[in-house]
Each structure stands twice: as C-alpha cells, then as structure tokens.
Amino acid sequence: MTASGASNLRVIIIGGGPAGTSCALRLNALARQGNHNVDVTLLEAKRFETESHYNQCVGVLSPPLPSLLEEALEVPFPHHLGRAEIDGYVLHAGREQILLEDPNPSIALRRVQFDAYMLGQVQARGIRVIRARAVDVERHTDRVLLYTDAEPVEGDVVVGAFGLDEGCAAIFARSTPYRPPKALESVVTKYHPGEQEMAAFGSRIHAFLPADPKIEFGGITPKGNHLTINIAGLHVDAPALNGFLRSSEVWRHLPNLDQAGSHDPNDLRAFKGRFPRARAAGYYGERYIIIGDAAGLVRSFKGKGVTTAILTGIRAAEAIWRYGATEAAFGHAYRQANKDLLKDLPYGRLVRRLTILLSRHHWMEAILRAAKESEGLREALRGAVSGAQPYRQVLALATRPNHLAAILRHLRPAKPEDTATDTARP
C-alpha cells in the first residue's frame, strides 16, 4: 500500500498533542499537494480549549520550530500565544553560576494553549476529531480496528501519539511488540511574585544542577506574569520540590516566596508527570507506528521536547504517505528519517550520567568557573542546556584537551559547607 496507489488512505492517530496534530497536518498537506485523498481520524479526549488540565511541559518553543510549522505543516507560528521571549540561560551548579546568552531566542507559552491552537488547526482543515479515549486496537492483514469509548474506527494504519499515557501503552503492548520508554519523573509548579519582581527576574531561564541525589536538574522559567518551576529525577516528589524551592541558590530568585498565595490562590500547587529518557522498544511494526514521547525519540536528558515531537510526527506522516504501512517500510523510511535522534541517544545517556556524577561531587562548579574564561566551554554548555546542539557535538567540544586542562586548573577540594544541606528556610 502506497499513497500514490491508494485512492483513499485511512490513518488513525491516537493523541492530539504536538506529535499527533503535526502528523495529521502533514498528511493533509501532502494529500493536497499530490491531489490524493487521505482520510485522517484523530482521537483526543482532553478539552484543551477549556484550559482545565495542566500540562507538565514547561512550554518553551525554540528554533527550528517556527519553520517546521510554517513550511512543513503550513501553519502560522502562534506568536500571539507567547508569554515571554527567552534570550538566554543562567546555569547554576552549587555556588557557581554562568550566563549563557542565546542568539536564537525562544518563546515561552502555556502548553495547553499551544495544544488547543494546534488541534484547532487540525479541525480547520476538515480533519475528523473524535473526543474519546482508546479502549483497544486490533491489527488485521487488511486493516486496523480501533475501539474507543465512543465508536469504533477502521483504518489502514494507526499512529500512537499518546505520550506516556499508561493506558494507551498497555493497549499497544497487548497486541504489538511495543514497550514504553524508560522515563524520568517531573514535578512542576508555578508562582506569581508580582509585576515588578517579574520585570526584575528578566527573560532568562535559570537551570540548576543540584547536589541533591534525588534531583537531576531543576529550572525556573519566566512566563509573562508568573514563574514556572520544575524539577526532574528518577523518583522526585512534592517534598523534593519543596526542598528545591527552599534551597538558598533557588530561594534568592523567588522574591516574596514566604508570602506565596497572597498573589494567586493556585501558587505552588504541584503537578506530577514523566518524560522519556530512552527509546521505546518496538516503536513501529506492521500497520502501526509510534511518535513523540511515546516512542522515546527525544533528547534523552532534556530539551526540545515539542520540537522533536513535531519532527517525528512529520517524519511518520511522510513515511506512511510515501512507503505504506508495513513494518519493512517503517524500518526503511521512519527509522532512517530519525537516525539523527537515534545516533544521539547514547551520547545523551552519557551526558546525563556524567552530569549527575559531576554535580554530586561539586565538580560541575569547576566546569562553570572554567567556562567563564572559555568561549568554547560556554558554547558546549549553551548547546546542552538549550538543546540547540547534538550531545555528540557537546561532548566533543567539552572534552577538547585545552578545555579539560582549564577545568582541572579550576578544581578545588569541596568545603564542608558545600556538602551540607543548604536551605534558606526551615
């Protein structure tokens, strides 16, 4: 089955986030360009337009996302949703910090609003959207049958864009070789410090690499009238978030935190989620293909989750359209299209392990001190924090002999107070 030979290609997409909507929109664009028919049905139970659910994604959109939307999907980039323009990062490790300016600014927005915008674009193209949840999926030699809690749907291929939803993962695991990717946990909250305090905070994301063994990294992101604060690790929880908020390095960037609640009754409510740290097993097969977080085809440590979700959605659409829905076709087209992500995953895992080790022993502080004197090291850190460079390139740049020598010069024994728990408030 190929698009050129099919009079009516039928595609079912489970999930209306960035990956699912980009797949639907790309299929629609390809069909219009080639004067062929494509019947796309997208399944999404959430009501993004009501903004009644919280998305744990921090919501920072960076290049090349605008060009992906406008060129591949023929969708205007939603500048009107922007809450802040991010022009750099401040990286913290222990008592050291460094400013990493970004020549390519990003846009911070509310993810739920972006999701509503993308789903609206899908509906505006006349693509069918069913507001329901998947119940089961059957693959037959000539079709796919998706059961939902509203109605059954038949198609030639099913696309899994369900993120880390455990229910959908279990559905695919029952009938396919698919197994969900390993994940990190994330706890997110928000805080309204006040208009003047937001202006003083500025337009940079503060990223933290704490020595706390439970937290792999944390961040504070300006979002117009509030700050989004998140932590991530294998087993983070609300007490870990509270400890992070009250550590001296973080506390000084959260003015009036002891008065939280006086600005907004929803301040400091915690939301928990997960994001992948490895590739899923069996992420494609006969008549099915998995994209976005559900496939684990993302930067394995952090960064550019929305961009890679949209990218894999586009690549899946092109693979289906040009080569069909067989396992062999996906192995050729989809896997090859994602070789940039696949090749970088081992380097991402190595960077994650090294970062955890260096942070626990306060050696990241030496790297930051050395980077203040080395543009090359600053470029490596900027590429890692922003997600603008592959991890292979980051590692190659950071481990140049002159950079390693500079780091060694800045190593010094940890002081007793460095290893003690350092909190600003009880």
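Every number here is computed from the coordinates shown, using simple stated rules; none is lab data. Please read these numbers as outputs of a predicted model, since none were measured by experiment. Cβ atoms come from the backbone with ideal geometry, glycine included; neighbour counts cover every protein chain shown.
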**Fill in**
Here the gain from full extension of Ala170 to Ser203, 0.36 nm per residue of separation minus their alpha-carbon distance, amounts to 7.8 nm
**Request:** Go ahead and collect, in residue order, the members of the range 385-413 whose backbone nitrogen is under 15 Å from a label point 7 Å along the Cα-Cβ direction of Leu354.
**Result:** 385, 389-408
**Request:** Relative to the compact-globule scaling 2.2 N^0.38 Å, provide the ratio for the alpha-carbon radius of gyration of the range 309-409.
**Result:** 1.43
**Prompt:** What are the residues whose amide H is under 5 Å from the amide H of Val58, where those residues sit 5 or more places off or on another chain and H is modelled from the backbone?
**Reply:** none
**Fill in**
Ranking Gly94, His140, Ala199 by how far each Cα lies towards the positive end of the charge dipole of the chain (+1 on Lys and Arg Cβ, -1 on Asp and Glu Cβ), the top one is Gly94
**Asked** Based on the Kirkwood radius over alpha-carbon pairs, what value in µm²/s does the Stokes-Einstein equation return for the translational diffusion coefficient of the range 318-364 at 4 °C and 1.567 mPa s?
**Response** 100
**Message:** Running a GNM on the chain with Cα contacts under 10 Å, which residue among Ile220, Ile229, Ile407 ends up with the highest mean-square fluctuation?
**Reply:** Ile407
**Dipole magnitude of the chain, debye to nearest 20 (Cβ charges: Lys/Arg +1, Asp/Glu -1, about Cα centre)** = 1000
**Fill in**
Ranked by GNM mean-square fluctuation in the chain (Cα springs under 10 Å), the top entry among Thr307, Thr141, Thr176 is Thr141
**Complete:** Phi angles of the range 195-203, converted by Karplus (6.51 cos²θ - 1.76 cosθ + 1.60, θ = phi - 60°) into ³J(HN,Hα) in whole Hz with x for Gly and Pro, give 4, 5, 5, 5, 5, 6, 5, x, 10
**Message:** Between Arg335 and Arg128, what's the calculated FRET efficiency when r is the beta-carbon distance and R0 is 30 Å? Round to 0.05.
**Reply:** 0.55
**Asked** Which order results if Arg83, Arg335, Arg111 are arranged by neighbouring Cβ count within 10 Å, fewest first?
**Response** Arg335, Arg83, Arg111
**Message:** At R0 = 51 Å, how high is the FRET efficiency between Leu145 and Lys372 if r is their beta carbon distance? Nearest 0.05 is fine.
**Reply:** 0.30
**Request:** Report, to two decimal places, the Cα Rg of the range 79-212 normalised by 2.2 N^0.38 Å (N = number of residues).
**Result:** 1.51
**Item:** Contact order relative to length of the chain, as percent, for alpha carbon pairs under 8 angstrom and 6 or more apart
**Value:** 20
**Asked** What's the exposure ranking of His403, His332, going from fewest to most Cβ atoms within 10 Å?
**Response** His332, His403
**the range 184-275: mean projected area of Cα convex hull, nm²** = 5.5
**Message:** Taking only complete DSSP H runs, can you tell me which helices of the chain stretch 27 Å or more along their own long axis by Cα positions and average at least -1.0 on the Kyte-Doolittle scale?
**Reply:** 339-360
**Message:** I want to check the label-to-label distance for Glu74 and His36. Put each point 7 Å from Cα in the C-beta direction and report it in nm to one decimal.
**Reply:** 1.6
**Asked** Which ordering of His140, His361 is given by a fewest-first count of other beta-carbon atoms within 10 Å?
**Response** His140, His361
**Asked** Nearest 20 debye, what's the magnitude of the dipole of the range 248-396 about its Cα centre given +1 on Lys and Arg Cβ and -1 on Asp and Glu Cβ?
**Response** 440
**Prompt:** Pairs Lys214/Lys304; Lys223/Lys339; Lys214/Lys339: which exceed 28 Å Cα-Cα?
**Reply:** Lys223/Lys339; Lys214/Lys339
**Request:** For the chain, set up a Gaussian network in which alpha carbons nearer than 10 Å are linked by springs, and say which option among Asn35, Asn266, Asn104 fluctuates the most.
**Result:** Asn35
**Prompt:** For Leu99 and Arg179, what is the calculated FRET efficiency with R₀ set at 51 Å and r taken between the beta-carbons, to the nearest 0.05?
**Reply:** 0.80
**Rounded to 5, the percent of DSSP beta bridges in the chain classed as antiparallel** = 70
**Leading residue at positive end of dipole, the chain (Cβ point charges), from Asn338, Phe162, Ala29** = Asn338
**Request:** Report the charge-dipole magnitude of the range 346-419 in Debye, nearest 20, computed about the Cα centre from +1 at each Lys and Arg Cβ and -1 at each Asp and Glu Cβ.
**Result:** 200
**Asked** Hey, got the Cα dimensions of the chain along the principal axes, in Å, largest first?
**Response** 70, 52, 37
